[in-house]
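Engineer: Here you go, one structure.
The values are calculated or read from the model by the stated rules, or taken from the named source; none is laboratory data. All of these numbers come straight from a predicted model, not from anything done at the bench. Please note: Cβ atoms are built from the backbone with ideal geometry, for glycine as well, and neighbour counts cover all protein chains shown.
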Amino acid sequence: MAGDKKQYTLGRGELMFAQFRAGTLNPRGELYMGNSPAFGITATTESLDHYSSDGGIRVKDDSIILQQDYAGSLTTDNIDPDNLAYFFLGEKRTIVTASTPVASYILAQVEKGRWYQLGTDATNPSGVRNVSAVTLTATGGGAAFIAGVDYLLDLVNGRVYIQPAGGIGEGTSPVAAYTIDASSRDQVISKGNVVEGALRYIAKNPAGLQTSFYMPQVKLTPNGDFALKSDSWQELGFNIEIITKGSLSAIYADGAPYTPTA
């Protein structure tokens, strides 16, 4: 009987984003965005109403939709380099470093009780990682300072701490020599780029119809705080601007395939 069907749905699913290739509207392959605790779509319309004034009280006798917009939001707790690049409107790159000896890196005007990063320069402002064979000497030469007495080392992060009671003088500029060991690391750089592409939601509902959604063109922009330190899992929030791409529709909602019965 009509009206008896009850399609109660508990929403679950996977989000896939296919970022457009630079300077085009051509999507790359779809990339799974990881676990997404929240995803939703909002529809808004703007109408022009008409009122009849033939009687004592104006009565609305027509309404025309002038504008219809679709937007949305999503949250992912998959904090990988790709999602970070989307959030910072930037780019992801991999830094590959061969084993490289560095004979002289000056720690300028050091202060006791402070940390200093090795290898910073205009092309690598965050410095080097994964170093070994570190020595510190005074400017102009002389006996090397003693690790563990005059300074401490964080070899993985390429950092030097000037001991308060050590022999490295306040305001001096000791010279570091070290080796950058072979390694690779991912790096995300904020850029202010437009993050645009196609978004697909594949429904995996434990209850209800399996309706999946495809949006041929969306823009992702960061939404909310990215809590680097808290007692909860880190999450990245995004606003979604859903755009009509050419002659395509803005949103396609596909039900699960089935075999018709006679």
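Engineer: Output the number of the condition that I168 fails; it satisfies all remaining conditions of (1) of a type in the set (A, V, I, L, M); (2) under 35 Å from the mean Cα position of the chain (by Cα); (3) surrounded by 17 or more Cβ atoms within 10 Å (Cβ to Cβ); (4) farther than 28 Å from F88 by Cβ.
Structural biologist: Here I168 meets the rest and fails (2).
Per-residue answers, yes or no, for (1) modelled with pLDDT under 95; (2) under 30 Å from G40 (Cα atoms); (3) not hydroxyl-bearing (S, T, Y):
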{"site": "S132", "(1), (2), (3)": "no, no, no"}
{"site": "T135", "(1), (2), (3)": "no, no, no"}
{"site": "F145", "(1), (2), (3)": "no, no, yes"}
{"site": "T172", "(1), (2), (3)": "no, no, no"}
{"site": "I189", "(1), (2), (3)": "no, yes, yes"}
{"site": "Y214", "(1), (2), (3)": "no, yes, no"}
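Engineer: Moving to a separate point now. Could you check segment 98-173 for strands (runs of 3 or more DSSP E) lying wholly inside it with 3 or more residues that are over 29 Å from I189 (Cβ atoms)?
Structural biologist: On the way: elements: 100-106, 115-117, 131-137, 151-154, 159-162.
Hits in segment 98-173: 131-137.
Engineer: Need the failing condition index for Y151 against (1) surrounded by 14 or more Cβ atoms within 10 Å (Cβ to Cβ); (2) over 38 Å from the mean Cα position of the chain (by Cα), just the number.
Structural biologist: With respect to (1) surrounded by 14 or more Cβ atoms within 10 Å (Cβ to Cβ); (2) over 38 Å from the mean Cα position of the chain (by Cα), Y151 is out only on (2).
Engineer: With the requirement that a residue be touching a residue at least 40 places away in the same chain (Cβ under 8 Å) and either in contact with a Pro (Cβ under 6 Å, 6 or more places away or on another chain) or not in a strand (DSSP E or B) (or both), what does segment 21-50 give you?
Structural biologist: L25, R28, E30, M33, G34, N35, S36, P37
Engineer: It is to be established whether one or more residues within segment 199-214 are surrounded by 14 or more Cβ atoms within 10 Å (Cβ to Cβ), farther than 28 Å from S126 by Cβ and within 16 Å of the chain's Cα centre (by Cα).
Structural biologist: Checked against the condition, which is being surrounded by 14 or more Cβ atoms within 10 Å (Cβ to Cβ), farther than 28 Å from S126 by Cβ and within 16 Å of the chain's Cα centre (by Cα), segment 199-214 yields at least one hit.
Engineer: Ok, one more. List the pairs whose first member sits in segment 87-98 and is touching a residue at least 60 places away in the same chain (Cβ under 8 Å), whose second member is surrounded by 16 or more Cβ atoms within 10 Å (Cβ to Cβ) and among the basic types (K, R), and whose Cβ atoms are under 9 Å apart, counting only residues at least 6 apart or on separate chains?
Structural biologist: As it stands, the answer is I95/R129; T97/R129, since those pairs meet every condition given.
Engineer: OK, next. Has segment 59-68 got any residue that is assigned to a loop (DSSP other than H, G, I, E, B), hydroxyl-bearing (S, T, Y) and more than 19 Å from F238 (Cβ to Cβ)?
Structural biologist: no
Engineer: Okay, moving on. So T259 passes all but one of these: (1) of a type outside the set (F, W, Y); (2) surrounded by 14 or more Cβ atoms within 10 Å (Cβ to Cβ); (3) not in a strand (DSSP E or B). Which condition number does it fail?
Structural biologist: Going through the list (1) of a type outside the set (F, W, Y); (2) surrounded by 14 or more Cβ atoms within 10 Å (Cβ to Cβ); (3) not in a strand (DSSP E or B), T259 breaks only (2).
Engineer: Could you check segment 109-146 and list, in sequence order, the residues that are on the phi > 0 side of the Ramachandran plot and either surrounded by 12 or more Cβ atoms within 10 Å (Cβ to Cβ) or small (G, A, S) (or both)?
Structural biologist: Those that are on the phi > 0 side of the Ramachandran plot and either surrounded by 12 or more Cβ atoms within 10 Å (Cβ to Cβ) or small (G, A, S) (or both): G113, G119, G127, N130, A133, G140, G141, G142.
Engineer: OK, next. Being at negative phi, touching a Pro at 6+ places or on another chain (Cβ under 9 Å) and not in a loop (DSSP other than H, G, I, E, B) narrows it down to one of A18, A71, A85, so name that one.
Structural biologist: Numbers: A71 fails: touching a Pro at 6+ places or on another chain (Cβ under 9 Å); A85 fails: touching a Pro at 6+ places or on another chain (Cβ under 9 Å).
After ruling out the rest, the residue left standing is A18.
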